[in-house]
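Undergrad: Below you will find the structure I want to go over with you.
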Amino acid sequence: MNGAEVVIRALERHGVEVAFGHPGGAIMPVYDAIYDGNVRHVLVRHEQAGAHAADAYYRASGKPGVVIATSGPGATNLVTGLATAMMDSSAVVAITGNVPTSLIGTDAFQEADVYGITGPVTKHNFLVKRVEDLPRVIAEAFHIATTGRPGPVLVDIPKDVQQAAFEGDVDAEIEVDLPGFQPTWSGHAGQIRKAAEAIRAAERPVLMVGGGGQVAAPEVMAFAERLGVPVITTLMGIGAYPAGRDQSLGMPGMHGTVTSNRAITHCDLIIGAGLRFDDRVTGKISRFAPNATVVHIDVDPAEISKLVHAHVPVVGDLRDVLPRLADELGPLDVEPWWAQLREWKARYPERYKTEKPLVSQEVIELMRDVVGSDAIVATDVGQHQMFAARLYPTNAPRTWITSGGLGTMGFGLPAAIGAAFANPGTPVVLIAGDGSIQMNIQELATIRKHDLPIFIAITNNGVLGMVRQWQELFHAQRYSEIFLADSNPDFAKVAEAYGIEGHNVFDRETAQALVPEVVARGGPALLNFVVYESEKVFPMIPAGAGVDEMMIGDQEPDAEATS
Amino acid sequence: MSAPSSRRVISVTVRDEPGVLVRIAGLFARRGFNIASLSVAESETPGLSRTTFVVDGDPATIEQVQKQLQKLVDVLKVVDHTETNFVDRELMLIKVAVRGPDERVELRQIAQDFRARIVDVSRRALVFELTGDEGKMDAFIDQMQDFGIVELIRTGRIALPRSAGRNGGRGDAVAPPERADVT
């Protein structure tokens, strides 16, 4: 048995069913082992897409995603995908080949310092120099990726190590021994008591749930039910608590709902659960929740008091902390608060104007109404992402797949692929823009090859919409380098060229007639909706402004609103 | 609003893995923490190294530094000595110009006051070796400015907590003895 076969055997032992990747010179022994192994390999057409697919595979299934690439350019192509996974705490194990150890450091063909390059964008990384270390390193990689706050781990394996004979027992049990890596699972009892006291004293509490809630949806639900507390889900927390329930106030932050942002401004207590108070959520920190006591529960102590001061920090996994906290508490008597929140909710429903050409929002609602809320929703990055977060938020955990922290254009298409492999048979809706879809459009080939039930809805406004919105609002309508329409491809033809059903849709009537028809065929399909160019995402908190300084756009302002 | 910046001495016990220093230095760089000095060497336990950092920052920054360091898989222990009673030392080599016998005598006298050793003698320069805390280093450098410093090198500070006892233990504010002879 050689090192490469040890790698594949180790993947099998860790329960890996699917790996995404692209072969090349320095990883050929591993691909030779894949030829005979039991790990199903999905050939992507760009390594970045492989990393995103592996990332989405984890997000949609809770099982670590695996991506394999060769040395040099193969590995450097992973960097954006690893950084995306790092920011959104996604468990990815990346396996890369490297040039033989004797050539490391000599500027050999397809050599890059992958260990050095990927250090800052991974939770941890390894360069394996001895074949006998492989089983231990791979066990550690999976352990680190999936334990505590999840994250990507890269294992770089020189070609000669892949080829070297392995003399040990490849199936021997491995005790992972990492004294420097001991994440806290169980919350401190004293801190939980303090948190309960603070919550009991609150008159206007909110529960804010972030990406950490994806692993703890039942606990979040039980906690919210018991307390009767309003729930705000961040972009990463969508699905961790059902968006459709009465207690949900929707998304906070830069493009959050009026109700969520008002609630943050007026609340006297925030229970932050599995979130990191990203700047897109808080706006200007000094104006964020000025009256609130902050109880911050997170598995990563470094997130606590990093940006927003936590009056009561609780380090631990939500699955441990939330039930214990709920045990100390009963239903909160916060009816006056609810009356206020209900008033805001009624006054500010999701609203957009349709007395213009087709708009992105109605396309997204149409997809939602036809495909339904049991689908997995993946998005790319831009205006359509915010519209989707507001109009097509999902109701179950691990069904909302978006690049939140890094905001990676090009994430959507490969992410839809990863999610489709994680949940065979479940339809996946990809909401994309005409800009971002082109950043990984080659993956239509992967969709075709595996005939995946993916419905791609491009909201094509012919410009880089979010950049355009900022230029219109903050750069004096100086539209610099955003125009795509004059050189966009015919997206329907592109789809057809890949052997995928494709349609260009220009008007409301066609859209309403066509979508049900296409969805009924089961996919894959690409629908290119040509939409109104100047539509903007509102509400909007301008960058650097406070949560209370929302621009509410088309909504009817009240005394507190700025337009 | 933000609390004043202060200088902290932090020691980090790390696994002796290749690239561990790069991880730590990279973490400082990308999170915008300032390292005033850094020293690394093997510890008393085989396979473990101890690094001592001096960092500048307000309390929130220092807290983040420690938490982020603690997250590194190869980092076993992070100790902020500033909160405890600790001993710290630094080693300096300093080459000073000599312009005649009078200066030579004067330099020797200052060196004696500082308990600095002369480790190289030539007609135009003396090289002193000095250990002590940061204040002592700075005071010696200050004295040498008048003569003309040709070159100097400092190791950066290393630190260990004091043991509890007559001169040690938490909250004991007794100054290191040799500070007395430089003031």
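A short reminder: the numbers here are calculations on the coordinates, not readings from a lab. Since this is a predicted model, take the numbers as computed values, not measurements. Neighbour counts are summed over all protein chains in view; Cβ atoms, including those assigned to glycine, are modelled from backbone coordinates with ideal geometry.
Undergrad: Round to a whole angstrom and tell me the spacing of the C-alpha centers of segment A:395-423 and segment B:45-79.
TA: A separation of 35 Å, based on Cα centres.
Undergrad: Can you compute the charge dipole magnitude of segment B:78-172 about its Cα centre, using +1 on each Lys and Arg Cβ and -1 on each Asp and Glu Cβ, nothing else charged? Give it in debye, rounded to the nearest 20. Could you put the intermediate results ahead of the total?
TA: Numbers: 15 positive and 17 negative charges, 79 e Å.
It comes to approximately 380 debye.
Undergrad: Normalised by the empirical 2.2 N^0.38 Å for globular proteins, what value does the Cα Rg of segment B:87-159 take?
TA: My calculation over the Cα atoms of segment B:87-159 gives 1.04.
Undergrad: Considering only Cα-Cα distances, which of the following residue pairs are longer than 26 Å: A:Lys284/A:Lys345; A:Lys129/B:Lys67; A:Lys123/B:Lys77? Intermediate values should be presented prior to the final figure.
TA: Numbers: A:Lys284/A:Lys345 24 Å; A:Lys129/B:Lys67 30 Å; A:Lys123/B:Lys77 18 Å.
Violating the 26 Å Cα-Cα cut-off are A:Lys129/B:Lys67.
Undergrad: So for segment A:452-541, Kirkwood radius off the Cα pairs, Stokes-Einstein at 10 °C and 1.306 mPa s: how many µm² s⁻¹?
TA: Approximately 109 µm²/s, per Stokes-Einstein.
Undergrad: Please report, in cubic angstrom per residue, the volume enclosed by the convex hull of the alpha-carbon atoms of segment A:3-163.
TA: Dividing the Cα hull volume of segment A:3-163 by its residue count gives 87 Å³.
Undergrad: Please state, as a whole number in µm²/s, the translational diffusion coefficient that the Stokes-Einstein equation yields for segment A:327-453 at 25 °C and 0.890 mPa s, with Rh defined as the Kirkwood radius across alpha carbon pairs.
TA: Answer from the Stokes-Einstein relation: 149 µm²/s.
Undergrad: About its Cα centre, how strong a charge dipole does segment A:1-129 have in debye, to the nearest 20, once Lys and Arg get +1 and Asp and Glu get -1 at the Cβ?
TA: Computed charge dipole of segment A:1-129: roughly 320 debye.
Undergrad: Quick check: the angle from helix B:20-30's long axis to the longest principal axis of chain B, C-alpha only, nearest 10 degrees?
TA: 90 degrees
Undergrad: Further, regarding this structure: May I have the extent of the alpha carbons of segment A:409-563 along their three principal axes, as whole Å values ordered from largest to smallest?
TA: Over segment A:409-563, Cα extents along the principal axes are 53, 33, 31 Å.
Undergrad: Distances longer than 49 Å among the Cα atoms of the protein assembly as shown: what percent of all pairs is that? Spell out each step's value before the answer.
TA: Numbers: 71943 of 277885 pairs.
Above the 49 Å cut-off, the protein assembly as shown has 26 percent of its Cα pairs.
Undergrad: With the dipole of segment B:87-159 worked out from charges on the C-beta (+1 for Lys and Arg, -1 for Asp and Glu) around the Cα centre, which of B:Val87, B:Ala97, B:Phe147 lies farthest toward the positive end?
TA: Highest projection toward the positive end goes to B:Ala97.
Undergrad: Also, quick follow-up: I need the trypsin sites (Lys or Arg not before Pro) found in segment A:498-563, filtered to DSSP loop residues with at most 13 other beta carbons within 10 Å of theirs.
TA: Passing both the DSSP loop test and the Cβ count: A:Arg521.
Undergrad: Here's another thing I want to ask about it. Need one number for segment A:189-347: average projected area of the convex hull over its C-alpha atoms, nm².
TA: Value for segment A:189-347: 7.8 nm².
Undergrad: Looking at the protein assembly as shown, send over the antiparallel percent of its DSSP beta bridges, to the nearest 5. Walk me through the numbers on the way to the answer.
TA: Numbers: 48 of 113 bridges.
Of all bridge pairs located within the protein assembly as shown, approximately 40 percent are antiparallel.
Undergrad: How long are the three semi-axes of the equivalent ellipsoid for segment B:3-43, computed from the Cα gyration tensor as the root of 5 times each eigenvalue, in whole Å, largest first?
TA: Values: eigenvalues 91, 37, 11 Å².
They are 21, 14, 7 Å, listed largest first.
Undergrad: Largest first and in whole Å, what are the equivalent-ellipsoid semi-axes of segment B:6-83 based on the Cα gyration tensor, each being the root of 5 times an eigenvalue?
TA: Here the semi-axes work out to 20, 13, 11 Å.
Undergrad: Where does the protein assembly as shown land at 222 nm, in deg cm²/dmol rounded to the nearest 500, when only DSSP H runs of n ≥ 4 count, each adding -39500 (n - 2.57), divided by all residues?
TA: Value at 222 nm, helices only: -10000 deg cm²/dmol.
Undergrad: Can I ask one more? How long, wide and thick is segment A:260-324, going by the Cα atoms along their three principal axes, in whole angstroms, largest first?
TA: 31, 21, 18
Undergrad: Roughly speaking, what is the centre-to-centre gap between segment A:232-295 and segment A:477-519 when only Cα atoms are used, to the nearest Å?
TA: 34 Å
Undergrad: Further, regarding this structure: Considering only B:Thr13, B:Leu69, B:Val40, whose Cα is most displaced toward the positive end of the charge dipole of segment B:6-83, charges sitting on Cβ of Lys, Arg (+1) and Asp, Glu (-1)?
TA: The residue sitting farthest along the positive end of the dipole is B:Leu69.
Undergrad: To continue, here is another question. Please report the orientation-averaged projected area of segment A:87-187, defined via the convex hull of its C-alpha atoms, in nm². Present the calculation step by step, with values, prior to reporting the outcome.
TA: Values: hull surface 30.8 nm².
Approximately 7.7 nm², given one-decimal rounding.
Undergrad: So what's the gap between the Cα centers of segment A:61-106 and segment A:147-167, to the nearest angstrom?
TA: That distance is 10 Å.
Undergrad: Explain nothing, just the number: dipole magnitude of the protein assembly as shown about its Cα centre with +1 on each Lys and Arg Cβ and -1 on each Asp and Glu Cβ, in debye rounded to the nearest 20.
TA: So the dipole magnitude of the protein assembly as shown works out to roughly 980 debye.
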